[in-house]
Structure formats: C-alpha cells, structure tokens
There are 2 protein chains.
Amino acid sequence: MPLRFAEPATDAYHFPLTIRHLLDGVVTRSGEQQILYRDESSYSYRAFVQRLSRLADMLASAGATPGMTVAVMDWDSHRYLEAYFAIPMMGAVLQTVNVRLPPPQIAYTLQHARAEILLVHRDFFPIVEAILPALPDVKAVIAILDGADADLPPWAIGEYETLSAAASPDYPFEDFDENAVATTFYTTGTTGNPKGVCFTHRQLVLHTLAAAGPFGASRAAPCLGVGDVYMPLTPMFHVHAWGVPYVATMLGLKQVYPGRYEPAMICRLRAEHQVTYSHCVPTILEMVLQAARETGADLSGWRMTIGGSALSKALCAAARNVGMDVGAGYGMSETAPMVLMAARRDPDLAGDEDATIHTLTASGVPLSLVEVRIVDDAMRDLPHDGETRGELVIRTPWLTPCYTGDRAASETLWRGGWLHTQDIATIDPQGQVRIRDRLKDVIKTGGEWIDSIQLEELVATADGIAEASVVAVPDTKWGERPLAVVVPKPGAVPTLATLNQPVDAAIAEGAITRYARLERFEIVDQLPRTSVGKIDKKQLRARFGEAPPELCRQAG
Amino acid sequence: MPLRFAEPATDAYHFPLTIRHLLDGVVTRSGEQQILYRDESSYSYRAFVQRLSRLADMLASAGATPGMTVAVMDWDSHRYLEAYFAIPMMGAVLQTVNVRLPPPQIAYTLQHARAEILLVHRDFFPIVEAILPALPDVKAVIAILDGADADLPPWAIGEYETLSAAASPDYPFEDFDENAVATTFYTTGTTGNPKGVCFTHRQLVLHTLAAAGPFGASRAAPCLGVGDVYMPLTPMFHVHAWGVPYVATMLGLKQVYPGRYEPAMICRLRAEHQVTYSHCVPTILEMVLQAARETGADLSGWRMTIGGSALSKALCAAARNVGMDVGAGYGMSETAPMVLMAARRDPDLAGDEDATIHTLTASGVPLSLVEVRIVDDAMRDLPHDGETRGELVIRTPWLTPCYTGDRAASETLWRGGWLHTQDIATIDPQGQVRIRDRLKDVIKTGGEWIDSIQLEELVATADGIAEASVVAVPDTKWGERPLAVVVPKPGAVPTLATLNQPVDAAIAEGAITRYARLERFEIVDQLPRTSVGKIDKKQLRARFGEAPPELCRQAG
C-alpha cells in the first residue's frame, strides 16, 4: 500500500511503548502518594521510582542483563510491584512464579523459562533449596527476609533490602524495542507440563491503557479511578494480578499490598486504609465475606472485580447485601488477561436487583480494542441473540503470541488468526458475553449441548448440597451424559430425586433442555481443584468418567 | 541491546494501532446507540459503520487511493465523524480545513497538503469556486448539500448522500502500517503561511486511549464516561475537535453533532438530547451562558472542558453559578492536542469554592504517558515549586513529528528531543501546570519577568474595561515595558489611574511584581483576533509596540 509517511525532525522523539513510560508524569502528579505493604512499610511514588533504580542496579550487579529471565517468588508486596517495573525496564524478562505449584513443576517452569536470577521470599526457601540442584542456569538467588530476623541461606548472594540500600538510585534506564518480551509465566493446565506464555512491553502498555479506560469510564458505577485506594487480592504471580498494579501505578493511586492472604489481615488493611477497589476469584470473596461475618467488619463501599471462575448470582447477591459492589470480569493467562468486564452502562443497571445481578454476573462486554466473535467449528460467525453458543475467539493487542517453545500448541491457539479461548459463549444483543462452558467440558448428548455450568449451578441449589460439579461421561446411546459430582452438607444424604428437583423445575420453565435430567451422581468429600482454585474437571473425568457404568453409583 | 523476542505462531494476529481498530467491539457493545446531526438525522453505530464503508467506496470511485490527501470543509456533523474514520481507514490522509481562514490561505493549505479530493459543504461553495483554479491537484469535489434543495455545482462530481446511498456497504478495509499518516491540518499562526502538522494512526489511537482514561478516571468528578451524551463545541477542523470524537466513538457514546454553531440551536440540542459533556474555547462558553441568560435555558449538569485560551476564574465561576461543571484542558495543534487536564483528584476539589476554581482554571496535570518538564534556556530542569517559570517541553506518543515540508521549523520545534511548546509555565508540588505566558509574549523588564496574562486579567477588572490585552514594547531603559490595549465599556473613559487600581492592589498583596505598574495604554474599538479567536498579540505589537514613544498616547 503506497501510504504516506512523515519526515520526522532529526530530534523528534520516537516514543516506544515500554513499561518505563507508564511512569511518565506519575511522579509529577502523584509524587507524595503512598504505596504500602501490610504494616511493614509505606513509601511515596517518588521513593518507589528510586527503588526501581536500586532494584535494577542490584540485579545488574548480580549479573542480570537485557534478555535474561529474572524470576520472582514472593507474596503480594511492594517488592513484587518493583519487580513488575524494574525487571522489564532494564530489558530483562520478569518471570512470575506460581508458588502454589508442586516443587517439581516450579522447577520445570524456572528451567523452561531459563531463569538465571531468582528473588525468593523466605517462605519459599525450602522449595528453592530442594529444586536448586535441578536448576543449572540459576546464577544468583536474592533472598527476601521480609523483616524477619533470619539468617541468609548459604545459596543466596544477599538480602533484598540490604542490597537495595547499597545500590544506586540512578540506574540509567534506556529506551528499546517495544516488542521485546517483558514478562512470562506458566499456565496451570490440569494435564501435562505447564505452558509458558509471554507478553511484550507494547502489549502490557496497551493492556494498561485499555483497562484504565473502562475501569473509570462508567459514571454511574465506576470501577477504578483517581481517588481510589487499590489492594490486589489476586496473586501477583497470576497473570500480572490481572494487570491492575500497572493501571493503579499509571494512575498514581494509593496502593496497599497485603502479603500472604490472611482474612483477618485483609479485613484490617481494608478498614485501616479505606481500600475501595480490589479484584479476586470467587473463593477469596467468599473468604472475605466469611471473615467479615465472624469479625463484624464493615465491607460496604468495597468494589471488586471477580474473575478466574464464574461469579455466581448467590455470591454476587451476598456481596451486595453487605454493601459491596462486585462485578465479573473475564480473561485468561493467554490474554494478559483483561478482555471483558461486566457492563455498567446506565441501562444495564437500571433494572431491578435480579436484572442487575444478571448483568453483573455476565462475563461482560468487550474492553476497548477488543474484538470478540462466537464461531462454529468452521469459524463462521454465530448470531448475537443471547442463545446461540459458539467458541469465543478474540483479537486484541495483548494476546500471547505463542506458548514458549511449543509450536504445535501455539498454532492451535492461533488457528485462523484469532485466539481460541476454548470457552463456549453466547453474546446477547446488548453485547454481553456469557461464558456457558469450557469447550472440553461441554456435554453433547443426543445432538444437544448441555450447559455444564448452568447444570452444576442448579444442582448446587439442591437440598443438602454444599458444592457440585458436572462432567460429561461417555454413553453408548447418547454419546455423552452428564454426571454430577457433589459434596453434601454435613449429615445430608442427597438422592437423585433431590438433585433433580431444581433441574426439573428449570426444565419446566424452559430454562434448560430436558436432556439435562440426571441419571447418575457421585458423592465426594471435596472437589479436586487446580493450583489456582478452579475445580479440576479433568481429574473428575479421569476418576469417574471413564469408569465402566457398572462400577458407577446408579441411583433413582 | 540483546533483548528477548517471542516466536509468534504462524497465524498470530499482529494488531496494528490503526484507527479502524478503535471500532473493535463497538458495534457489539453499542450497536443500537445513536449518532445525531441537528434535527436532520439520527442513526445507529451499526449504520455508522456501514456508512464508513460507503464513504470509502465512494471516495475510491472518485479516485482516492492510499496515501492521497482528502480534504473536508464542513461544519460539525456526522459526515465529519465519518471522514474522521473512513478516510484514514482506507489509508488516505484526512485534511481538516480551517474554514475560517481567508480563502487564499485555505487555498495555500490545500495545495501544500496536496489535497486531491475535497468534501465541501454548500456554505463553502463560494470559497471553493473562487480558489479551485489555484488548485491544480484537485481531481474531484464532492458536494454536501446538507438537505437543502439546491443544485449541484458544475465542478462537483456528485452529492454526499446520493453517492453514499449508491456506494457499497462492504468496503474491504485492511490492516496496514500504524505509522502511516492519518490526518493533517494547519496551525493558524499569526505570521507567514500556516504550518502543516500531521499525526499517524498509532499516535491517534494512543491519544484516544490515553484521553479516555483521565476523562473517566476521576470518581469524584468524572469528565466523560459510559452513559454520557457528547456534543462537540470545538470545530472539528480544529485539532480533531481535541480528539474527543474518537474517544466518544470508541466508548460507544450517544453523540450529537450541532452543525454550524448557533447559540439557540446549541441550547436546544443540549436540552433535547440531555447532552452531558462538551468542550470549547472560552468564547463559546461565554456565548452559551449569554444565550441561556436570554432564553432561560437550564445548563445545570453540563460538563465542559475549556481550552484554546486560558479559562478565567470569572468565567469558571459564572459557569459554576448556573450549575455547570467546567475545567481547563491544555494542548496545541502540535500535540493532537490533549496533554494536560484540570486535576480532579479528591484533594484537588476538597477546598472552598475559590480553591476549587483555582484548581479548575489551572492548565492541569499531565495525562497518562505524558512527561512534562519546565526548563531554562539551556534545557535545565527548573523546580516544581509553583513559582519558578520556564518553558514547558513535553514528550508523549502523540506529538507531530514535524511541520510538513518545513525542516527548519521542525528542528526548532524538536530541539533537544523534546517538543517545545513556547509556553511559559510553572508546576506546583501537586503536579499542576499553569501556563503563565507565551514565550514570545513574555515581558522582560529590568531583569524581571512580568506575567502578561496575569497583568491583563488584572487590567480587565478595572472600572469601565470590557476587554484588555497587554504586550511588551521596547524600552531603552528597561529593555521592555508593558503596554495595555483596552476596549472600554460603552461610555466609559479609562485612565491610567483607573487601569492601575487593580494592578496596585495586586502589587500591595505581593501577587505581582511592582514593575507591572502601567505607564502606557491604548484604547481600541476591538482587539484583533486570530482565526481561532485568540487575541492577536503579534498584530498589537506591530501596531503599537514599535511606534516611537512620542506618538503613543501618554496618560496619567
């Protein structure tokens, strides 16, 4: 295309979209604003920027170079925030390590990412000590004692705060190619080895800008804006804590980092620092609500974005009942992660409480620069009628370009030029996307799709049920049939009849297909979960799905 | 630098920051939202996107190709919005023509920008007819009859709506290099020929994203957000109407385009469509306030960003008195234009009314990705103490890379790698930038700088003064001395004593240097203004500044 290009002045500044530039103007605007870590520390943005220099300088002294992977194993802290910025800003790659993985998998991800320097909190010293022999690439470990009066392990080259104090506050950060990789981490698949995703500087800057818009863009019900106090409740190793630390820092907000998640500490920090915005998975929201019930803590006015798993209507209502304002968000490890956020346009919230909760628990509407489609197997577009289901595929500037070193999986992820979420969704005429199922969790029975998420929500409301999951099991006649796996409440004895009560009611209302009626269920003490707290359906299928019918509990 | 780069999947989508992508997700989110033009038309975003195809298709039929300049001469309309998108989206360059320039200068800008296709509203037919012979490059003119039952001029190839209706709604917009030029227009200098600036797709997308953040980022006092109704009151030929049409479209807001600015129409549209957000120069705000005084129109709840010239405290207070929420913004033709917006952080608006007005009339705090400095002649940084004055220099991703075809001016603009605004500013410890003067308007007297803007604000409050300007005139003893040029109120006879009354009061309070006391003034019927309504100080200096003292009116 014979496009027109400008002839820049010799000294015209070419502004690269590197993470360093998220700080532009921040010290001018918010130099004295505070960043806190528990009761341990509080410092200004002016000091924060100096500490970024110190961290880069101490890493350089430890041998860090541009292009090298520097891995962090820490709780949510001001140090982690420093690593979010300083490591990419020096041209190195930040690896956020999922500390909940089994140690052999942690070792696998560190080795696979070629991590050469580690920053490790003392709580993870035993893990690191165990896996270090399997990590020949690691040339330096910096220990984080986190204020404890403990000895430096013999394999550490120094302590974070000590090294920081001795380092230079004037590291010469430079501009470089915005397409350089800034971060990497590993998805917590339920099978095989974790898969590495990576994001470039450009991608994270665009993610930050796009996320800052809708966060504040709703006048009626803003999420995050100037004046807010931010505390993450999604681990910082988990998809950049959904990118919000970058947003909060760019906006110059007061930030509170809670360290290891302890309900009492979280409630106390929230009250003490008047935290107004957080984000977390449903399990953490449950935990916070429980802690407040026990301590009488006032949660009103606390706004949260809930993701990772579906936000149930019951949990949404429970949070709203104590004065919280919660709404769903949607994204994945592969998507940096923000893609959708619950709609907060005036009409969306103008209905009654049921309608509002229906909206707030949808996966949401696309953020700016996010194009979404629902497609069939041949990637043909399906109608946005709120009914037709298809795979959600997306394009935005912030999608992982590949799984590191896994060409086949990368090609599958990106087939046809769109990122395949493997989530089955509907889109309604107002643009609200609802995730109905995981592609691999879909139950196809007699040519009909059963919404496993909807079915398990129904089963969960049955008498005597604490938790429920539904998976497909092979069936010679129907192809697949649903199997409910339930955790009863103490003393309760669920039967197929009690489980089917809410299902039958939904069938009678036309809310779910009659093929959803259960013929089988299993009782377990607890549901298996992945390292990020999602129900591990793969394991359920392995345990119950493939077993011959005669070994399964048949009831009713 | 040996950075790390990813190995993208074969089909991984490389997302270019082109204007087309501002529409991603918009039809999904806001397909039925409306875009209006006066009482003439209203259509949905779904239809808008189809009309972009139709416009591109009709332009292609008229001979438009990528890289070609397509110029628009229209009032603020849905058609202009279509041109904002469709012309750059097809790879062509949109030239927004300042229709207030004298026809020879309009001809100069069209010829200089190599415009080959013109879209012209019937109100400008006489101008185009007069200058067409001087525009050998123009190969097609499309006439905009705007609903009038008028004949097509013989030099037009067709009429906008007729051609649009006949064109294809499926133009194959493609991805291309985000660094291609998207728009160009000419700065309205007060001397010599207008200078062309240009902006790339990447720059405008980043400007849009960054502007959308702070627009909505303040919970306490948001500017623009989902739920708002937007109506521009800055001409769309003027620096992309400050970029807000792009922001409003990306956010999927209801938009109202007012056509030619007529106070009664503006007030009626505002009331009828419940417009909540606009932006304009102080003169338009004055006009709206005046129209409302005459008609009794209710302006309460209307939020406005005021730029172009300083927002005076008196005007800010007058707007607030009728329930409007106004605040300053700062930018220039060279800056796309958004750089600063009045701070709306909680503490900024927590003081009394005087303090709030003081904040809202400051030029503002930097937007995200905006780095500002105040520097001395040697580009050394000056302290952010709210007192020390220096030239404001900036870096953001959306600054014109050059003045088209003017290498010398381009190099001056960008000397030292920072864009020189030629504005003298202070920055206070809270990051608020205040423009104190134009570099060329500064009055240096006896080694002291006098703030000409402050001095003319003082003189404007003197008895019997309707308007005032202050310029420097050469002085053998002091280097320069201030000269006040005033427009008296009807029947008033200002004297040096009456003019100096507010100046003396300010000197007594220590608010201004004693060197500001006037010894000379001039009376005029009206102040000369540039085509965008700014006081033309160059002309004042030429008329009064160079005259020998004995010819000047000496009073007192």
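Among residues other than residue A:7 with Cβ under 12 Å from its Cβ, the summed charge is 0 (Lys and Arg +1, Asp and Glu -1). Using the rule -39500 (n - 2.57) for each DSSP H run of four or more residues, divided by the residues of the protein assembly as shown, the 222 nm mean residue ellipticity is -8000 deg cm²/dmol.
When only the Cβ of Lys, Arg, Asp and Glu is charged (+1, +1, -1, -1), the dipole of the range A:442-551 relative to its Cα centre reaches about 260 debye. Scanning chain B for trypsin sites (Lys or Arg not before Pro) in DSSP loops with at most 13 other Cβ atoms within 10 Å, what's the longest stretch left with none? My reading of the result: B:1-379 is the longest stretch.
About its Cα centre, the dipole of the protein assembly as shown is roughly 320 debye, where the only charges are +1 on Lys and Arg Cβ and -1 on Asp and Glu Cβ. Hydrodynamic radius of the protein assembly as shown by the Kirkwood approach over all distinct alpha-carbon pairs: 31.7 Å. What's the angle, to the nearest 10 degrees (0 to 90), between helix B:78-89's Cα axis and the longest principal axis of chain B? On a 0 to 90 degree scale, this one is about 70.
Among A:142, B:435, the order of accessible area from largest down is B:435, A:142, computed with a 1.4 Å probe on protein heavy atoms. Under a 5 Å amide H cut-off, with hydrogens placed 1.01 Å from N, residue B:256 pairs with B:36, B:230, B:231 among residues at least 5 apart or on other chains.
Angle of helix A:263-272 to the longest C-alpha principal axis of chain A, folded into 0 to 90 degrees and rounded to 10: 60°.
Think of the protein assembly as shown as a dipole: +1 on every Lys or Arg Cβ, -1 on every Asp or Glu Cβ, centred on the Cα centre; then among A:200, B:503, B:224, A:200 lies furthest on the positive end.
Averaging 1/r over each pair of different alpha-carbon atoms in chain B and inverting the result gives 25.0 Å, the Kirkwood hydrodynamic radius. Note on the range B:361-507: semi-axes of the ellipsoid equivalent to its C-alpha gyration tensor, largest first and rounded to whole Å, are 33, 18, 16. On a per residue basis, the convex hull of the C-alpha atoms belonging to the range A:46-200 measures out at 107 Å³.
How large is Rg/Rh for the range B:413-458, to two decimals, with Cα atoms and a Kirkwood Rh?
Working: Rg = 12.4 Å, Rh = 12.0 Å.
Here the Rg-to-Rh quotient is 1.03.
Taking every residue in A:395-401 and counting other chain Cβ atoms within 10 Å of its Cβ, the average works out to 5. Here the calculated FRET efficiency for residue B:501 and residue B:542, from their Cβ-Cβ distance with R0 = 51 Å, stands at 0.95, rounded to the nearest 0.05.
Maximal additional length on extending the residue B:286-residue B:41 stretch stands at 85.4 nm, based on 0.36 nm per residue less the C-alpha distance. Take each residue of peptide A:174-181, count the partner chain Cβ atoms within 10 Å of its Cβ, and average: the result is 3. In chain B, taking the dipole from charged Cβ atoms about the Cα centre, the farthest positive-side position among B:466, B:47, B:315 is held by B:466. Using a 1.4 Å probe over protein heavy atoms, the accessible area lost on pairing A with B, summed over both chains, comes to approximately 7000 Å². Note on residue A:377/residue A:509: beta-carbon distance plugged into 1/(1 + (r/R0)^6) with R0 of 35 Å gives a FRET efficiency of 0.70.
Each Lys or Arg adds one and each Asp or Glu takes one away; over the other residues whose Cβ falls under 13 Å from the Cβ of residue B:141, this sums to -3. Label separation (residue B:355 vs residue A:477): 7.7 nm, computed from points 7 Å beyond Cα along the C-beta direction. Divided by 2.2 N^0.38 Å, where N counts the residues, the Cα radius of gyration of the range A:16-125 comes to 1.12.
Skip the ligands, DNA and RNA, and give the accessible area per residue of the range A:311-448 with a 1.4 Å probe, whole Å². Before the final figure, lay out each step's value.
Values: 4840 Å² over 138 residues.
On a per-residue basis, 35 Å².
Between 0 and 90 degrees, the angle of helix B:282-295 with respect to the longest Cα principal axis of chain B falls at about 90 degrees. Here the accessible area is traced with a 1.4 Å probe on the protein chains. For the range B:446-551, carbon and sulfur cover 51 percent of it.
Around residue A:169, what is the net charge, scoring Lys/Arg as +1 and Asp/Glu as -1 over all other residues with Cβ under 11 Å from its Cβ? Taking every other residue near residue A:169 into account, the sum is +1.
Charges were assigned to the Cβ only: +1 to each Lys and Arg, -1 to each Asp and Glu. The resulting dipole of chain B about its Cα centre is roughly 480 debye.
Viscosity 1.002 mPa s, temperature 20 °C: what is the translational diffusion coefficient of the range B:446-551 from Stokes-Einstein with a Kirkwood Rh over Cα pairs, rounded to a whole number of µm²/s?
Estimated diffusion coefficient is 153 µm²/s.
For the range A:343-381, a drop of 50 Å² or more in accessible area on going from the chain alone to the assembled protein chains (1.4 Å probe) is found at A:345, A:368, A:369, A:371. Inter-chain Cβ neighbour count for B:405-418, averaged per residue, equals 3 (cutoff 10 Å, partner chain atoms only).
Annotation: extensible slack from residue A:60 through residue A:440 equals 132.3 nm (criterion: 0.36 nm per residue apart, minus Cα-Cα distance). Taking the dipole about the Cα centre of the range A:46-200, with the C-beta of Lys and Arg at +1 and of Asp and Glu at -1, give me whichever of A:182, A:120, A:106 is farthest to the positive side. Of the listed residues, the answer is A:106. Over the range B:446-551, Cα pairs under 8 Å with separation of 6+ residues give a relative contact order of 28 percent.
The values are calculated or read from the model by the stated rules, or taken from the named source; none is laboratory data. Because the structure is predicted, anything quoted here is derived from the model rather than measured. Please note: Cβ atoms are built from the backbone with ideal geometry, for glycine as well, and neighbour counts cover all protein chains shown. Keep in mind that these areas ignore ligands, DNA and RNA; they rest on the heavy atoms of the full protein, side chains included. Shrake-Rupley method; radii C 1.70, N 1.55, O 1.52, S 1.80 Å.
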